[in-house]
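Structure, as C-alpha cells:
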Amino acid sequence: MKDIIIIGGGIAGLTAGMYAQRGGMDTLLFEKMFVGGQAATTYSIENYPGFVDPISGPDFAMKLESHARKFGLEILYDEVKDIQVDGKIKKVITDNKEYQTKTIILAMGASPKMLGLEKEEQFRGRGVSYCATCDGAFYKDKVTAVVGGGDTATEDAMFLAQYASKVYLIHRRDQLRASKILQDRVMAHPRIEILWDTVVESIMGEEQVEGIKVRNLKTDSLSQLELDGFFIAIGIQPNSGLIAGKVDMTDDGFVLTDENMATNVPGVFAVGDLRYKPVWQLVTAASDGAIGTLSAQRYIMENFE
Ligand code: NAP
C-alpha cells in the first residue's frame, strides 16, 4: 500500500511529489499525458521567483520533473479511471490495475473553457485553437483573433503578434482583466488591435475558419472579421470529472478545501488549479502542492501510526 498517490503531474502535483519523497513517504504520481500541466504549453514564464530570465513552458516542465525525480518520485504515465475514497484505505483504479493508498492528492488541474459557439468544436484544429503557444507558428503573416481579457488572452495576443500580420484582441468589456504589465504590452503593440465591448456571435467558414461575426455591445452593431486563426482564452475549467460526486465542489466543478488542502473526505486532498481559490498562478499551485503533502503526512501520522 502506498502512503500517497498523487493524480496529475502539473506543478502542484510535482511539488507535492517532491515534498512527499523528501518526507520519506512511499509515493506514486499518475500523469495521463505530459508533465508540466498548463505551464508546459506556455510560451514564456517570467513571474516564477528565482527565474530572472524568462523560461519557456516546456523547459520549465522538464526542470520540475527532474527536480521531483531527483528525490526518487515514481511517475506513472497512465490514466486514472476511478477512485474509491469511502473507507480508510483508498483505491486508485486504472485500466490495468488497482492501487491501495492511505491518502490521495488530487492535482488534475484545469483546461481552457470553450465559448460554446456553433462550429467551435468542428473547427478545432482547423483554425480554432485554445493554445497559442502550440499553434501560433502556423499563422505566419496571417490574420488572427484572440477572445478574452485576462492574462492568458493578452499573453496569447503577444505571442501571436510575433508571427501574424494582425491580431485582434476581442474583449467583452471596456477594461482588461490582465495584469498591468501585460495590458501595457498589448496596448502598445502595433499589430494588436483591441476590440472593446465586443462579443463573438458566430464562426464563419465551410471547412475551416474563414472569419467571425462580432457584436459591439455598446452600439449593438454587427460586423464581420476575416480571419485565418481564432484563439479562445476565456478562462479555465477544472478537470474534476473523475471525482464528480465524490468530494465537495463548487457548481462549476472546483474542489472545495480548507487551508490545509483537505477536502471534505478524510485522507483526500486537492491542490493547484483544480481547487477553488482566489488566485490561480504557478506559485500558488506550487504552494498548494507543498501544503497538501505536509497535510497528508500529518493525516497518516495521526491515523495509521
Ligand atoms: P481569467 O483570468 O478568468 O480571464 C478570462 C477572461 O475571459 C476575462 O477577461 C473574461 O471577461 C473573459 N471571458 C470569460 N468568459 C467569457 C465569455 N463567455 N465570452 C467572452 N469573454 C469571456 O482566465 P485566464 O486569463 O485564462 O487566467 C486564468 C488564471 O490563470 C488567472 O488566475 C490568471 O491570472 C492565471 N494566469 C496567469 C498568468 C501569468 O501570471 N503570467 C498567465 C496565464 C494565466 P471578464 O474580464 O469580463 O470577466
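The values are calculated or read from the model by the stated rules, or taken from the named source; none is laboratory data. For clarity, every value in this text was computed on a predicted model and none was experimentally measured. A quick note on method: Cβ atoms are made from the backbone with ideal geometry, for glycine too, and the neighbour counts reach across all protein chains shown. The accessibility values were calculated without ligands, DNA or RNA, using every heavy atom of the protein model including side chains. Shrake-Rupley method; radii C 1.70, N 1.55, O 1.52, S 1.80 Å.
Quick look at the numbers
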{"quantity": "Pairs with Cβ under 6 Å, 6+ apart, first in the stretch 177-188 and at negative phi and near the ligand (Cβ under 9 Å from one of its atoms), second assigned to a loop (DSSP other than H, G, I, E, B) and open to solvent by less than 80 Å² (accessible area, probe 1.4 Å)", "calculated": "Arg177/Gly149; Arg177/Gly150; Ala178/Gly150"}
{"quantity": "Segments classed as strands (runs of 3 or more DSSP E), wholly inside the stretch 175-288, with at least 1 members that are surrounded by 15 or more Cβ atoms within 10 Å (Cβ to Cβ) and at pLDDT below 95", "calculated": "236-238"}
{"quantity": "Candidate set from the stretch 272-293 (those that are in contact (Cβ under 8 Å) with a residue 24 or more places away in the chain, of a type in the set (A, V, I, L, M) and within 15 Å of the ligand (Cβ to nearest atom)); member that is nearest to Thr42 (Cα to Cα)", "calculated": "Leu282"}
{"quantity": "Subset of the stretch 145-170 (residues that are open to solvent by 10 Å² or more (accessible area, probe 1.4 Å) and either more than 6 Å from the ligand (Cβ to nearest atom) or β-branched (Val, Ile, Thr) (or both))", "calculated": "Val147, Thr152, Asp156, Met158, Phe159, Gln162, Tyr163, Ser165, Lys166, Tyr168"}
{"quantity": "Residue within the stretch 112-129 that is part of a loop (DSSP other than H, G, I, E, B), touching a residue at least 40 places away in the same chain (Cβ under 8 Å), open to solvent by 30 Å² or more (accessible area, probe 1.4 Å) and in contact with a Leu (Cβ under 9 Å, 6 or more places away or on another chain) present", "calculated": "no"}
{"quantity": "Filtered residues of the stretch 29-46 (kept if more than 16 Å from the chain's Cα centre (by Cα) and within 12 Å of the ligand (Cβ to nearest atom))", "calculated": "Glu46"}
